[in-house]
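*Asks:* First the structure, then my questions, so here it is.
The values are calculated or read from the model by the stated rules, or taken from the named source; none is laboratory data. Just so you know, these numbers come straight off a predicted model, no measurement behind them. Here the Cβ positions follow ideal geometry from the backbone for every residue, glycine too, while neighbour counts run over all protein chains shown.
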Amino acid sequence: MSRRLERGLIYCTGIWQIVDGLLTIFLYGLYIKKQGSKAAGLNIPEMHAMQSLFGSIFNFVVIFGFFLIIIGLVNLYLGKYLLKDGVILWRTPIWFLSCGIISYFMMDVVSLFLLMSSGVITLAKNKGFKRI
């Protein structure tokens, strides 16, 4: 049996996660940074407190974006080098399902759908490989 469908789903997932991470860093992160600099009508201590708060939120957003990019790169690597035709895989689909659960809690519906689909299809094809 061919693992072409799973590879396609994982490639789509990896590309989506990298794009999502870049959008998170450059669009949302810079938006947060700009909101922190718009502290009009505040005195100096309040302005420093607001900039510190928005700076911390910006750091969190950037770390979250890098996390998405790293997970996307790992998924691309797994799809390219570990999803081979005719090989029974056990850890890789568990990784996909685990990332799908993490995507559920991050409210990333696209990654959730793609990862859960590829994990379930990979496990189902493993059963088919065992019978052959």
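*Asks:* Among the residues in region 17-30, are any touching a residue at least 12 places away in the same chain (Cβ under 8 Å), closer than 30 Å to Trp95 by Cα and among the small types (Gly, Ala, Ser)?
*Replies:* yes
*Asks:* Next up: When you scan region 17-115 for helices (runs of 4 or more DSSP H) that lie fully inside it, which ones turn up with 1 or more residues that are closer than 30 Å to Arg4 by Cβ and modelled with pLDDT of 95 or more?
*Replies:* 44-77, 91-105
*Asks:* Quick check, is Leu76 under 18 Å from Gln17 (Cα atoms) and not aromatic (Phe, Trp, Tyr)?
*Replies:* yes
*Asks:* In addition: List every residue pair whose Cβ atoms lie under 6 Å apart, where the two residues are 6 or more positions apart in sequence or sit on different chains, the first residue falls within region 60-75 and is free of Cβ contacts under 8 Å to residues at least 40 places away in the same chain, and the second residue, located anywhere, is among the aliphatic types (A, V, I, L, M) and assigned to a helix (DSSP H, G or I).
*Replies:* Cβ pairs passing all conditions: Val61/Ile32; Val62/Ile25.
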